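See below for the structure under consideration.
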Amino acid sequence: MHPDHIQPRLANFLKIIGLVFVLFFGLLVKVQVIDADAINKVSSDARTQTDVKIPAVRGDIVDSAGHILATTVTRYDVNIDPSIVSAVTEKVNGQDTVFTKEQVAGQLAMLLKVPQSKILSKFLISGRYANLAKAVDAAVYRQIKALGINWVFSDPVQKRVYPGGALAGNLLGFVGSDGTPLAGIEREMNACLAGTDGKETYVEGADGIIIPESLKVTQPARNGSTVVLNINSDLQYYAQQVVADTVMNLHSDWASGIVIEAKTGKILAAAEAPTVDPNAFWKTKSQNLGSKIFQFAFEPGSIMKTVSAATALDVGMATPATPAIVPDRLRTSWGQYIYDSEIHGFEKLTLTGVLRDSSNVGIVKITSKVPLATRFAYLKRFGLGAKTGVGFQGESSGLIGDYKNWDKMTDLVSTFGQGIAVTPIQTAMIYQTVANQGVRLAPSLVAGCKDASGSIAPLPSVAPQTVISPATAQSTMDMLEKVVEFGPIGRTAQLAGYRIGGKTGTAQVSVGHGYGNLHAISFVGIAPAENPQYIVAVTAYKSRRVSNSLGITPAFRRIMLQVLRTYRVPPSSGHSKKIPMSWN
């Protein structure tokens with residue numbers, strides 16, 4: 001090309017370049033300045049800002065040694081966006097391999113253990129969301145995530161699990177599918193367990209993809225704290241096996257076994273049968289979802305003779321050697337009769353002998369001399385007619401009413417446990433009072449709430465109450481030891497090498513305004529008698545095979561022996577106090 005032609009052409013080219021630049025610059029100004037607000041609005045309208053809750057992890061429930069009884073695990077709801085379902089390219093042996101939608105559906109179906117047709121049907125749903133499976137465990141979730149499918153996503157969800165199954169199920173309670181606490185410790189201690197949910201926000205583009213760096217945590221979640229129980233889970237497990245055997249052997253409606261530490265009021269075991277597995281609580285009959293130990297009140301029978309005897313001793317109207325002539329029936333001044341459980345002639349018994357033989361007539365003749373108002377006041381001092389202070393959801397107060405409204409018969413039969421109602425835990429705490437030198441404590445099921453630092457905040461305490469004097473408590477303990485040494489039924493509660501004090505209880509179960517043929521049978525024992533440390537209270541309700549405490553003392557022996565072994569209590573020393581049980 002001639003040099004004279006190059007210069008004009010270069011000039012024309014530069015003009016064209018300049019014109020293009022001016023056009024682009026103008027367009028840039030138009031986009032970034034003139035139309036910026038409109039464009040931003042369109043862009044903003046295509047985006048979605050989403051607020052997402054960050055769920056707090058519910059705290060654990062543990063036993064006294066830190067063994068987990070209830071915990072929370074993360075599961076995953078696996079979902080898809082049907083609007084962008086497509087074939088998937090995966091690396092197979094280092095090569096890119098395309099899998100059709102049908103093949104991907106087969107992979108997902110295999111991992112989720114559902115029919116392939118179910119997965120394919122979800123692909124056809126209109127919209128941007130379809131759930132494939134709920135609460136998938138972490139191992140399966142990881143395998144699905146490894147497939148790298150961009151239209152599969154997940155939502156983490158919390159699932160409450162109880163590793164011990166039915167272990168302490170009646171105590172722990174359970175939560176609903178939405179995490180709402182419904183019963184037991186789960187509900188009562190929810191303020192400790194629940195924590196506080198957090199919040200995060202992110203922005204999605206029109207294609208549903210989260211815009212990078214838009215995810216922000218606006219409020220961190222605060223996880224729940226740990227509830228520490230006083231329960232010994234090994235002892236709880238053993239006691240549950242014992243009471244389950246008892247229900248089966250006696251064909252009773254239910255049975256319970258309670259272990260109390262005498263000097264602290266700690267509940268070391270509170271076993272029931274039937275019980276509930278909180279992992280599948282909906283499979284349990286409604287009447288067995290709660291805890292009868294705290295929530296069920298019934299007439300206790302002769303267990304209450306201990307209260308009547310201790311009251312008479314404490315007010316100075318009787319001693320362990322107070323004599324009485326005891327027939328097998330007593331006719332009241334208005335013509336009704338009170339009967340002993342066995343037919344016998346006139347017997348010359350002391351108060352100790354009356355307890356040994358569990359004589360209804362004898363306890364009425366000796367202890368009803370104490371004014372009714374005084375006896376009623378002692379019932380209340382022993383904790384009857386009021387909640388124990390254990391803090392268990394739905395706890396019953398029992399029923400003693402107002403003595404001013406009692407009829408003449410209730411005045412008398414209340415001395416041997418009829419006409420009033422108590423819960424199993426109230427019964428156990430009567431004997432804790434005797435074992436603790438006359439000082440009644442509130443039963444303690446929950447040790448406290450432990451935070452992330454390991455610090456335990458104890459529950460508000462209930463002040464101890466002196467119910468009877470130490471001397472009265474010791475005399476009562478001496479009499480209870482004779483029940484186990486020489487009682488016709490009480491002796492079946494003996495443990496080789498240990499001194500035991502205790503009392504039998506047999507009560508007809510009330511039906512309407514009278515009594516039926518079924519019984520609530522109980523035994524409460526204290527060991528060792530010379531240095532009381534533990535109380536074991538066992539009950540079977542509506543026993544159909546054995547109608548007296550002979551049916552329940554085997555359960556007492558098994559549980560108490562396990563307690564003494566667990567806490568390495570040495571065999572007893574010395575001998576019981578000599579107390580006359582009869583007179584001439």
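The values are calculated or read from the model by the stated rules, or taken from the named source; none is laboratory data. What you see is a predicted model; the values in this text were computed from it and never measured. Because the Cβ atoms are built from the backbone with ideal geometry, glycine has one as well, and the counts that use them run over all protein chains shown.
Of the strands (runs of 3 or more DSSP E) lying entirely inside the stretch 314-410, those carrying at least 2 residues that are closer than 25 Å to Ser510 by Cα and assigned by TED's automatic domain parsing to the domain that holds Ile420 are 329-331, 337-339. Selection of the stretch 414-433 for residues being in contact with a strand residue (DSSP E or B) (Cβ under 7 Å, 6 or more places away or on another chain) and outside any loop (DSSP other than H, G, I, E, B) yields Ala421, Pro424, Ile425, Thr427, Ala428, Met429, Tyr431, Gln432, Thr433.
Every residue, every condition in (1) touching a residue at least 60 places away in the same chain (Cβ under 8 Å); (2) within 28 Å of the chain's Cα centre (by Cα), yes or no:
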position: Ile489; (1), (2): yes, no
position: Leu518; (1), (2): no, no
position: Glu530; (1), (2): no, no
position: Val536; (1), (2): yes, yes
position: Tyr541; (1), (2): yes, yes
position: Asn548; (1), (2): yes, no
position: Pro554; (1), (2): yes, yes
position: Leu561; (1), (2): yes, yes
position: Ser572; (1), (2): yes, no
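Within the stretch 338-389, the set of residues being in contact with a helix residue (DSSP H, G or I) (Cβ under 7 Å, 6 or more places away or on another chain) and among the charged types (D, E, K, R) comprises Asp340, Arg356, Arg375.
Restricting Ser256, Ser291, Ser302, Ser286 to residues that are among the small types (Gly, Ala, Ser), in contact with a Leu (Cβ under 7 Å, 6 or more places away or on another chain) and in the same structural domain as Arg440 (by TED's automatic domain parsing) narrows the list to Ser291.
A count restricted to the stretch 61-77 and to residues that are in contact with a helix residue (DSSP H, G or I) (Cβ under 6 Å, 6 or more places away or on another chain) and over 30 Å from Gly448 (Cβ atoms) stands at 1.
With respect to Leu445, determine if the residue is in contact with a Phe, Trp or Tyr (Cβ under 7 Å, 6 or more places away or on another chain), of a type in the set (A, V, I, L, M) and in contact (Cβ under 8 Å) with a residue 60 or more places away in the chain. In short, yes. Cβ separations smaller than 6 Å between residues 6+ apart or across chains give the following pairs from the stretch 463-483 residues that are closer than 15 Å to Ile500 by Cα to residues that are surrounded by fewer than 17 Cβ atoms within 10 Å (Cβ to Cβ): Asp478/Lys577.
Within the set Ser453, Ser414, Ser461, the sole residue that is among the polar types (S, T, N, Q) and closer than 20 Å to Phe294 by Cβ turns out to be Ser461. Listed here are the helices (runs of 4 or more DSSP H) enclosed by the stretch 112-185 that have at least 2 residues being of a type in the set (Lys, Arg) and under 39 Å from the mean Cα position of the chain (by Cα): 138-146.
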